[in-house]
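All remarks here apply to the structure that follows.
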Amino acid sequence: MGFLEYSLAIVSIACIYAILTLGLNLQWGFTGVVNYGLYGVFAVGAYTSGLLTVNGIPFPIAFICSFIISGIYVLLAAIPTLRLKYEDQFAMASIGIAEIVNMFLNNERWLTGGSGGLSGIPPIFVGSSRDICYGLFLLFLVALFYLFLRRLTESPFGRVLRATREDEVATMILGKHTFRLKIYSVFIGSVIVGAAGSLYAHYITFISPSMFGIHVMFFVFIALILGGIGRNEGSLIGAFLLMSFSEGTRFARDYIPFIETVLGGKWAYFRQIIFGMFFLILIMYKPKGLLKEKRWVYDKNT
Amino acid sequence: MASVIQYIVYGIITGSILTLPSLAMSIQYGTLRFPNFSIGEMSTLGAYLALTFNVTLNMDLITSAIISCILILPVGLFCEYAIFRPLRKKGAGTVTLILASLGLAFILQNVIRFIWPTENISYRIEPTIGRMIFGVRIADKSIAIISISCLLVLAMFVFFKKTKIGIGMRAVSDNIDLSRVMGIDADLIINFTWAFFSVFSCLAGILIGLESNINPNMGRKILIPIFAVVTLGGAGNIYGALAGALIIGVSMEVSVLFVASTYKEAIAFVIMLAAFFLRSKGAK
């Protein structure tokens, strides 16, 4: 694959991860809800879109349907689990639901192709200019989602989300319905992730349940923390930075001979270990992110 | 009718296997106040360590198990000293601890895949004989699993009731500040909690490997059932963990009569979710 195609591929995947990071940032960075089970929606969006298009439904309709089905899924999953009083219960419940989605995708071969996966998903673009079309299209969508979220988070709605994040009880005392706010935030953030799932399915054209495990979350966590929580630009920067590092090192074994001799064919796992350690270091020393959240100034005259 | 009893027996086997990590998780949850998501990967690690001694180095399974437990102790203690103790000293909240345990699980999973081959393997043991007892089919190794589990649970009871460390662990689990006031060295107790956690996860992994086979995903599968048991029994509640393990084990296996066997863990999850909501209403 030529260098241009490869770069465009990296940009495209980075865009998808950037959308994931934006979605998680709304829930975690702004509202303080750590949605551990977000990888479930990613899978739901991807499979919805994939299954519909494989059965002949055109992409734009399938894309919209992935929004809708993700929305229904997230409401069913979030409304009971966000009622749980304790963070640890919420963690177990949200991861549990995402794992059940995974079980379902693996088991129901008649629908999803099971662990063998779903192939032949029609791509959005074909032909020789496919890579450029994908790159531009995905960059456009990232910009769209970013602008939407930016308007959202700079609005009074964003302000009350951040209030919920900082001190939920105080916010409730002020009369704000924090449970409903958390639902809104999780809903919007997750629906965006579902849409990203659809884009992912149509880019890779083959999906299987093992691609939607909890390892997806680690990339997004790292990207989010790298960019700084509560900062949409940060999410974009984090995702692209992490992607370049990730792809930059993927082929390190080709130009660093030491790796081949010492690690052999297991470089991929070694990279994941490095990622994991990087994640641990980040949450131990810089849990709020590398870039600080910007100061929200609402009235420059006071 | 005979078939239901067969599944109940399978449930007892599964419950026996679940007892060990659930006890470990329950004690750790009660003491450290967060669910340690790395328990699945610890079990897998234990299973693979035993595999190396059993298959590659040609030792019998019991010796391999003992050596694996000894080897996994420093792993657990290293995690405590390198990750969780510093986090606790910084005053890390539950979220951070949960994320750290998830990160640890991720790292362990990849370490396992890095070191060992990823296809399904089995332990090298005497070929297992299936027996018919009271009309129920049960393998020799399954009887061994249940017996080993019972012995270990009994040993644990003695430990918790009679030894100073055991009583100390129960105290810290109940109320860490009060136990410090009473002169108990909480840090030492926490170290023991981790020792316990590692060793019992290791044993659980070996038993799972014995019952079925060994692959990198084996530990993740029991994660939800372990949480379900600890939720049912209550964190830090030893009797609860025992009862819970049997209830969950039997429910999971009997559910196969009604739903596809892939969803066994989902049944455990549903029970856990029900327990969350019933608990929040106040009843214990």
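The values are calculated or read from the model by the stated rules, or taken from the named source; none is laboratory data. Predicted model only: the values in this text are computed from it and were never measured. With ideal geometry, Cβ positions are generated from the backbone for all residues, glycine too; neighbour counts draw on all protein chains shown.
Mind telling me which of the residues A:I207, A:I222, A:I214 ends up being within 14 Å of another protein chain (Cβ to nearest Cβ) and crowded, with 24+ Cβ neighbours inside 10 Å?
A:I222
Where in the stretch B:183-284 are there helices (runs of 4 or more DSSP H), lying fully within it, with 2 or more residues that are of a type in the set (S, T, N, Q)?
On the way: elements: B:186-211, B:218-233, B:238-255, B:264-280.
Qualifying helices (runs of 4 or more DSSP H): B:186-211, B:238-255.
For a quick check of your reading: which helices (runs of 4 or more DSSP H) sit entirely within the stretch A:168-231 and have at least 1 residues that are at pLDDT below 90 and under 30 Å from A:G120 (Cα atoms)?
Working: elements: A:168-173, A:178-204, A:215-227.
In the stretch A:168-231, the matching helices (runs of 4 or more DSSP H) lie at A:178-204, A:215-227.
Condition first: part of a loop (DSSP other than H, G, I, E, B), in contact (Cβ under 8 Å) with a residue 40 or more places away in the chain and not hydrophobic (A, V, I, L, M, F, W, C). Now tell me which residues in the stretch A:16-62 satisfy that.
Step one: of the stretch A:16-62, the residues part of a loop (DSSP other than H, G, I, E, B) are A:31-37, A:55-58.
Then keep just the ones that are in contact (Cβ under 8 Å) with a residue 40 or more places away in the chain; that gives A:31-37.
Within the stretch A:16-62, A:T31, A:G32, A:N35, A:Y36, A:G37 qualify.
Would you call B:I67 touching a helix residue (DSSP H, G or I) at 6+ places or on another chain (Cβ under 6 Å), of a type in the set (V, I, T) and surrounded by fewer than 18 Cβ atoms within 10 Å (Cβ to Cβ)?
Numbers: touching a helix residue (DSSP H, G or I) at 6+ places or on another chain (Cβ under 6 Å): yes; of a type in the set (V, I, T): yes; surrounded by fewer than 18 Cβ atoms within 10 Å (Cβ to Cβ): yes.
Considered against the rule, which asks whether it is touching a helix residue (DSSP H, G or I) at 6+ places or on another chain (Cβ under 6 Å), of a type in the set (V, I, T) and surrounded by fewer than 18 Cβ atoms within 10 Å (Cβ to Cβ), B:I67 comes out as yes.
Which of the residues belonging to the stretch B:77-108 are surrounded by fewer than 16 Cβ atoms within 10 Å (Cβ to Cβ), more than 17 Å from A:N35 (Cβ to Cβ) and small (G, A, S)?
Within the stretch B:77-108, B:A82, B:G91 qualify.
Pull up the stretch B:100-146, narrow it to residues that are within 30 Å of A:I214 (Cβ to Cβ) and not in a helix (DSSP H, G or I), then point me to the one that is farthest from the other protein chains (Cβ to nearest Cβ).
B:Y123
So, B:T96, is that one within 14 Å of chain A (Cβ to nearest Cβ) and at pLDDT below 85 or not?
So B:T96 does not fit the description; no.
Being surrounded by 13 or more Cβ atoms within 10 Å (Cβ to Cβ), more than 9 Å from every other protein chain (Cβ to nearest Cβ) and not hydrophobic (A, V, I, L, M, F, W, C) is the filter here; which residues of the stretch B:234-263 pass it?
B:G234, B:G236, B:N237, B:G240, B:G244, B:G249, B:S251, B:E253, B:S255
Can you tell me which condition B:A50 does not meet? The list is (1) touching a residue at least 24 places away in the same chain (Cβ under 8 Å); (2) under 24 Å from A:M277 (Cα atoms); (3) part of a helix (DSSP H, G or I), and all the others hold.
The number of the failed condition is (2).
Out of B:I107, B:I66, B:I115, I need the residue that is out of contact with any His (no Cβ under 9 Å at 6 or more places or on another chain) and more than 14 Å from B:T44 (Cβ to Cβ). Which one?
Only one candidate qualifies: B:I66.
Looking only at the stretch A:10-47, which residues are of a type in the set (S, T, N, Q), away from chain B (no Cβ under 14 Å) and under 11 Å from the mean Cα position of the chain (by Cα)? Full working, then the answer.
Quick first cut of the stretch A:10-47, residues of a type in the set (S, T, N, Q) only: A:12, A:21, A:25, A:27, A:31, A:35.
If we keep only those that are away from chain B (no Cβ under 14 Å) as well, we get A:12, A:21, A:25.
Result: A:T21, A:N25.
Just to be sure I understand the filter: pairs with C-beta atoms under 6 Å, separated by 6 or more residues or on different chains, first member in the stretch B:121-139 and surrounded by 13 or more Cβ atoms within 10 Å (Cβ to Cβ), second member assigned to a loop (DSSP other than H, G, I, E, B). Which pairs pass?
Qualifying pairs under 6 Å: B:S122/B:N213; B:A139/B:T128.
Can you name the residue in the stretch A:77-116 that is surrounded by fewer than 21 Cβ atoms within 10 Å (Cβ to Cβ), outside any helix (DSSP H, G or I) and touching a residue at least 24 places away in the same chain (Cβ under 8 Å) and, of all such residues, is farthest from the other protein chains (Cβ to nearest Cβ)?
Looking at residues that are surrounded by fewer than 21 Cβ atoms within 10 Å (Cβ to Cβ), outside any helix (DSSP H, G or I) and touching a residue at least 24 places away in the same chain (Cβ under 8 Å), I get A:L82.
Go through the residues of the stretch B:34-43 one by one and say whether even a single one is assigned to a helix (DSSP H, G or I), touching a Phe, Trp or Tyr at 6+ places or on another chain (Cβ under 9 Å) and over 14 Å from B:L223 (Cβ atoms).
Checked the stretch B:34-43: no residue is assigned to a helix (DSSP H, G or I), touching a Phe, Trp or Tyr at 6+ places or on another chain (Cβ under 9 Å) and over 14 Å from B:L223 (Cβ atoms).
List every residue pair whose Cβ atoms sit under 7 Å apart, with the two residues 6 or more apart in sequence or on different chains, where the first one lies in the stretch B:70-85 and is part of a helix (DSSP H, G or I) and the second, anywhere, is small (G, A, S) and buried (at least 21 other Cβ atoms within 10 Å of the Cβ).
Close Cβ pairs satisfying both conditions: B:I72/B:G46; B:I72/B:S198; B:L73/B:S198; B:V75/B:S198; B:G76/B:S198; B:I83/B:A100; B:F84/B:A100.
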